[in-house]
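Data block below; observations after.
Quick note: the coordinates plus some simple rules give every number you see, no bench work behind them. All of these numbers come straight from a predicted model, not from anything done at the bench. FYI the Cβ positions are ideal-geometry reconstructions off the backbone, even for glycines, and counts take in every protein chain you see.
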Amino acid sequence: MSEDMKIYLPSSPLPAPRTGILTAFDPGTRTLEAGFQVAPPFKPIPVDIVFEKDVAITLRDGVTVHADIFRPVGTEKVPVIVAYSPYGKAQGTSVSVMGVFGLVGLSNGIVSGLEKFEGPDPAFWVEQGYAICNPDIRGVVDSDGDSVLWDRQDGRDGHDIIEWLAEQEWCSGKVGMSGTSYLAATQWFTAAEQPPHLAAINPWEGVSDVYRDLVMRGGMPDIGFGQQLQNGSFFGKNRKENIVAEVEQYPLINDLWANKIPDFERITAPAYVVASYSNTLHTAGTFRAWRRMASEQKWLRVHNSQEWPDYYDEDNQAELLHFFDRYLKDEQNDWEETPRVRYSLLDLEGSDRVAIAADQFPPSDVASTKYYLNGRTRTLGTATPTDDAPTVYAAASNPNAVSFLIRFDVETVLVGYPKAHLFVEARDADDMDLFVLIQKLDAHGTPLEAFTTPNQSAVIHDLTDYGATILKYKGSDGRLRVSARNLDSALSTEEVPAHSFDVVEKLAPGQIVDVEIDLLPLGLVFYPGEQLRFVISARNLLGTMMPGIQEYVPANSGQHVIHTGGEHASYLQLPVQTR
């Protein structure tokens, strides 16, 4: 049924900025000798590498895709790591990828240029006795078929590629997956198909629900990045999925969108999951998948930066090797002594705490604590205000927001899942787009922020003044269209509300409704005298996720009323560490 709902548009050839030195179709096997350098900016390879270019792989429905395989010289059978994404397998040397490294402040010299964008570098992994498989997936570059965007079709295709690799004479029969962003999301789908030879996965920040994370977060049709992803990738010979048209055609959850959510309960492979608090695209999805996956052997590390610098960090690469050695090479090392959870705490003042060990997330010493909104004093407190004191703003005014403050007298640590429970009313409108934000303020009331990347240039300041949230952390945010407030009772928990997005419930004049809004997981330290500011607004307080994408315009009019106290005691629930 979901396949019949898909909408396609013609694809187009890979443009010059996305074309790498090795993009041209040229099947065959060759040996790259130690010291080979694909181009001057990139590091030379440390060992001889067998390079099988444009290898044909036939999928279960007869579609042929092509992959580049890098493996050690010799006859010893080796495990292989798959980097599955629509980004051309030879784009590592493209102007586009080199520009992304420059944007975040990474030197192109830390990689060989043979890696797929956001994927493992063959220069490192082949030296460690692994092969790397970079497929051009269905519908991409020279591969046949029509491409789809984050879909269970990716899982079926990933299954077939893994099983084909396991049968190759050079392969030990053990296959893993690794990579960030798109390459992380496809791991959820593939692992859920349970390919017999998939031995371990390493999702490093990625969407796990296209509807809730990418195109309809909070029930709002915010298609800016979806449009960029659709139009800036999936280059090929045939057709590509038109997700922008699908959002317009199918604004509510249906079979099409359900097909873009992995079956988490079927993910059983050992998993080393990496997350952050700061990626407004990936954070919710990574933590969701971590919570819901069925793997008994799963580890979570929550870092304090941006995914690309974190992924290519030498120490983190060595740790990932330790994980894969355990499950792809069956080495009885001490990986399993690694704490199941390691989280970070941000202080936004240069003294973040990282790699804090725990048995679970949130840690067991965290208590969900309600801080009630007081409309008279504009403060937050643990006591319920007795009087109903509404606060009001006009959606078209400046400011079109209200905020509430609390000053902490003692060091206070928040780590886990925050949520807002609000009683709201619309005047002269039948709906509301609400945006909420938790900010940290210093003792003098100044908002604290922190760059997530090494690049802190003037250009990055310009980009992040309003937008480019992946480059600078400004707090934990959430959003909800009030007519989409219906909760999914099967998915919601006391800490993390989940909306069904299958019904529209408009507001009647004078109607007061209570809504629950999930905010991104956080880890924040407040020192004595510092403040937390909770903001409710009619507009996106953070701006766009990526530079240069279309900003969402909220569908707001009239006045928003936020009720506080009495029978309508709105609150912000925070995960407070009690030790």
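Working from Cα pairs under 8 Å separated by at least six residues, relative contact order for the chain is 15 percent. Between ASP334 and ARG60, the FRET efficiency estimated from the beta carbon spacing at R0 = 60 angstrom works out to 0.95.
For LYS419, the lysines whose Cα falls under 19 Å of its own Cα, not counting residues fewer than eight places away in the same chain, are LYS370, LYS440, LYS474. Of all aspartates and glutamates in the structure, the ones whose alpha carbon falls short of 15 Å from that of LYS53, not counting any fewer than 8 places away in one chain, are ASP26, ASP68, GLU115, ASP136, ASP142. As a rough guide to protection, the peptides 393-400, 535-542 ranked by mean Cβ packing within 10 Å, highest first, stand as 535-542, 393-400. Residue-wise HN-Hα couplings along the range 552-563, as the Karplus relation 6.51 cos²θ - 1.76 cosθ + 1.60 with θ = phi - 60° gives them from phi, are 6, 9, x, 8, 10, 7, x, 10, 9, 10, 10, 7 Hz; Gly and Pro carry x. Please work out whether the range 363-473 counts as rounded, prolate or oblate from its C-alpha gyration tensor, where a ≥ b ≥ c are the square roots of the eigenvalues and a/c under 1.5 means rounded, while otherwise a/b larger than b/c means prolate and anything else oblate? Oblate, since a/c reaches 1.5 and b/c is not below a/b.
Using 25 Å as the Cα-Cα cut-off, could you pick out the over-long pairs in LYS6/LYS506; LYS6/LYS174; LYS174/LYS298?
LYS6/LYS506; LYS6/LYS174
Could you grab the Rg to Rh ratio for the range 366-577? Cα atoms only, Kirkwood for Rh. Don't skip to the answer; put the middle values down first.
Details: Rg = 17.1 Å, Rh = 17.9 Å.
Ratio of gyration radius to Kirkwood radius for the range 366-577: 0.96.
Need one word for the range 2-338: rounded, prolate or oblate. Basis is the Cα gyration tensor (sqrt eigenvalues a ≥ b ≥ c); a/c below 1.5 gives rounded, then a/b vs b/c decides.
rounded
What is the local net charge at ALA184, summed over the other residues whose Cβ is closer than 11 Å to its Cβ (Lys, Arg +1; Asp, Glu -1)?
Numbers: positive: none; negative: GLU118, GLU205, GLU307.
With Lys, Arg at +1 and Asp, Glu at -1, the neighbours total -3.
Extending 7 Å from the Cα toward the beta-carbon at both GLN550 and LEU252 defines two label points whose distance is 2.4 nm. Couplings for the range 329-342, taken from phi via the Karplus curve 6.51 cos²θ - 1.76 cosθ + 1.60 with θ = phi - 60°, read 10, 6, 6, 8, 8, 9, 3, 5, 7, 4, x, 4, 10, 10 Hz in order; Gly and Pro are left as x. What nm distance separates the two modelled labels at ALA367 and GLN317, each placed 7 Å from Cα along Cα→Cβ? Inter-label distance under the simple model: 4.6 nm.
Where the convex hull is taken over the Cα atoms of the range 280-386, what is its projected area averaged over directions, in nm²? Let's see the in-between values first.
Numbers: hull surface 41.1 nm².
It is 10.3 nm².
What order do you get for 408-418, 548-558 when each peptide is scored by the mean count of other beta carbon atoms within 10 Å, highest first?
Working: 408-418: 18.4, 548-558: 15.8.
Ranked by mean Cβ neighbours within 10 Å, highest first: 408-418, 548-558.
Remark: spin-label model distance ARG30-ASP488 equals 4.8 nm, labels positioned 7 Å along the Cα→Cβ axis. Distant-in-sequence amide contacts of ARG539, defined by a placed amide H-H separation under 5 Å and a gap of 5 or more residues or a different chain, comprise PHE435.
How would you rank 204-213, 337-346, 126-135, highest first, on the average number of other Cβ atoms within 10 Å across their residues? Please report the intermediate quantities before stating the final value.
On the way: 204-213: 25.4, 337-346: 17.7, 126-135: 23.6.
Averaged packing, sorted descending, gives the order 204-213, 126-135, 337-346.
For the range 132-138, 3J(HN,Hα) computed residue by residue from phi via the Karplus equation (6.51, -1.76, 1.60; θ = phi - 60°) reads 10, 10, 10, x, 8, 6, 2 Hz, glycine and proline entered as x. List the lysines whose Cα sits under 20 Å from the Cα of LYS43, skipping any in the same chain fewer than 8 residues away. Within reach: LYS89, LYS116.
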